[in-house]
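Asker: Quick one: the structure is below, questions incoming.
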Amino acid sequence: MRRRGSVQQKISCVFLTEVKNEPSTKREYQKFRVLATETLNPKVLESDIQSAVPTEKLDGTCCYVSAYKGKPYLWARLDKKPNKQAEKRFKTFQHSTKGSEAFVWNVKEDFRSVPESWIFAHGVTQCNGYPQPDENGHIPGWVPVENDNKQYCWHSSVVNYEIGAALVLRPHTEHQELLEITTVPLHELLEQTLELIGTNINANPYGLGSKKQPIHLLVSHGVLEIQSAPAVNYQQLLGWFQGCEEGKVEGIVWHCSDGTLIKLHRHHLGLRWPVEDPFLNSRPVLVNVDLTQYEWDFIPKSLFTTFSEFNGRQFDHLKDICFE
């Protein structure tokens, strides 16, 4: 399978959207909803979405694998955001009749500080050597995941820099209906983006692990192909999400041949998420974590060690894996 597109910035919706002044079903604090119209986004036609590969959009947090300190590292998403004063000015401008595109930022002074190791994401516009914010006032970027940083403890639980490997969930190479949890060399994931899912991510919509024994895994973007995706038509997609077993997903991301990514979220259609028994949990999963291939003394209670104790076992559902 060829490598799919990398998720470096916000992905456009497959349909043009409109803002409704009513409480969001996605975010409790948000007093508006962004809903899809039935009009296709012009980007869709430019990128030949009819020949694109539809894949499952996972509900987690975005990660990136790239070089740091001379070796492959996992990076966590960290957008550079405006400070309070600049954010207030920006919101005031947004609600004016001028429109946000003409807003002028002072990139040196308007944004909160980030760690020195922070880098901005690929594709971010630059002006005079400085990365520029997007239409939401954010500068997408990444920060390396260090083992001693408690803020990213769930990220660090799925990587081991000593052996240079990550714990990954993916389709089995020989049986595509079967999922596999395995270790993958970080150098094989270089310049890829992945989704971190699990117990302590986004209220755990997939029911992984428990508070006492949390489970987190990385999933490469684009690896979970959708087999029964309908045509790119509002009513057909709505019916698919509502009535198809494979439609019990957070959304679809189309990977176009020119590298463009296009998405559709359930919330764009006014549909609820999360749902009971999401499609990811309907597939059997095999644990294939053999640590005897590595010359390293693993921490006894690490996620790597715990999964290795289940090596070779198959479970009917992802949520059935329990370490207690």
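Asker: What's the center-to-center distance, using Cα atoms, between region 265-279 and region 123-170 in Å?
Answerer: For region 265-279 versus region 123-170, the Cα centre distance is 27 Å.
Asker: Could you order the peptides 133-139, 267-273 from most to least packed, using the average number of other C-beta atoms within 10 Å per residue?
Answerer: Most protected by this proxy first, the peptides run 133-139, 267-273.
Asker: Still on this structure, please answer the following. What nm distance separates the two modelled labels at N21 and H175, each placed 7 Å from Cα along Cα→Cβ?
Answerer: It works out to 5.6 nm between the two label points.
Asker: Modelled label-to-label distance, D277 and E135, 7 Å Cα→beta-carbon offset: nm?
Answerer: Placing both labels 7 Å along Cα→Cβ, they lie 3.9 nm apart.
Asker: Hey, for a label at D297 modelled as a point 7 Å past Cα toward Cβ, could you say which residues of region 135-163 have their backbone N under 19 Å away?
Answerer: Those under the cut-off are 160-163.
Asker: Rounded to the nearest whole Å², what accessible area per residue is found for the chain with the 1.4 Å probe?
Answerer: That works out to 53 Å² for each residue.
Asker: If you don't mind, another one. Students often get this wrong, so check it: of K71/K108; K150/K212; K88/K150; K212/K263, which have C-alpha atoms separated by over 23 Å?
Answerer: Beyond 23 Å between Cα atoms: K71/K108; K88/K150; K212/K263.
Asker: Show me 316-322, 279-285, 55-61, 293-299 ranked by packing, highest mean number of other Cβ atoms within 10 Å first.
Answerer: Put in order of decreasing packing, that is 55-61, 279-285, 316-322, 293-299.
Asker: Next up: Using a basic spin-label model with each label point 7 Å from the Cα along Cα→Cβ, how many nm lie between A203 and L190?
Answerer: Going by the 7 Å Cα→Cβ label model, 4.0 nm.
Asker: When the accessible area of region 137-182 is computed with all protein chains present and a 1.4 Å probe, what percentage of it is carbon and sulfur?
Answerer: Exposed carbon and sulfur together represent 44 percent of the surface.
Asker: Once neighbouring chains are kept in place and the probe is 1.4 Å, which whole percent of the accessible area of region 185-320 is contributed by carbon and sulfur?
Answerer: The value for region 185-320 is 46 percent carbon and sulfur by accessible area.
Asker: Could the peptides 238-245, 122-129, 149-156 be put in order, highest first, of the mean number of other beta-carbon atoms found within 10 Å of their residues?
Answerer: Per-residue mean Cβ counts within 10 Å order the peptides as 149-156, 238-245, 122-129.
Asker: Please report, in debye to the nearest 20, how large the charge dipole of region 108-239 is about its Cα centre when each Lys and Arg carries +1 at its beta carbon and each Asp and Glu carries -1 there.
Answerer: Around 440 debye, computed over region 108-239.
Asker: Let me have the relative contact order for the chain, percent, based on Cα pairs under 8 Å that are six or more residues apart.
Answerer: Computed over the chain, the figure is 23 percent.
Asker: With Cβ to Cβ distances under 13 Å as the rule, what net charge do the other residues near N147 carry (K, R +1; D, E -1)?
Answerer: Summing Lys/Arg as +1 and Asp/Glu as -1 gives -1.
Asker: Per residue of the chain, what 222 nm ellipticity follows from adding -39500 (n - 2.57) for every DSSP H run with n ≥ 4, rounded to the nearest 500?
Answerer: Computed ellipticity for the chain at 222 nm equals -3000 deg cm²/dmol.
The values are calculated or read from the model by the stated rules, or taken from the named source; none is laboratory data. On a predicted model such as this, the values are computed, not experimentally measured, just so you know. Neighbour counts are summed over all protein chains in view; Cβ atoms, including those assigned to glycine, are modelled from backbone coordinates with ideal geometry. Side chains are part of the model used for accessible areas, which takes the heavy atoms of the whole protein and leaves out ligands, DNA and RNA. Shrake-Rupley method; radii C 1.70, N 1.55, O 1.52, S 1.80 Å.
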